[in-house]
């Protein structure tokens, strides 16, 4: 289910920014890491540095997807 949700986000990004660009930033790590922390309690009792690195990874993935979707306005039509 988590993998399917990640693939759905990848296809949505592919429609917005083109599939070649969307393939470079897959949503699967973003979705699976989020659900791993929230649903399964991964990284419980980890150090503060681990939480900082995890939050920065999630933020970078979200920013990359936003940039890809924003770049769809700058594509030339075929």
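Tabulated results
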quantity	calculated
Stretchable slack from residue 39 to residue 3, in nm (0.36 nm times residue separation minus alpha-carbon distance)	11.5 nm
Exposure proxy order (Cβ contacts within 10 Å, fewest to most) of 71, 56	56, 71
Difference of contour (0.36 nm per residue) and Cα-Cα distance, residue 12 to residue 50	10.7 nm
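Taken together, the values in this text are just the output of simple stated rules run on the coordinates, not laboratory data. None of the values given here were measured: they were computed from a predicted structure. Please note: Cβ atoms are built from the backbone with ideal geometry, for glycine as well, and neighbour counts cover all protein chains shown.
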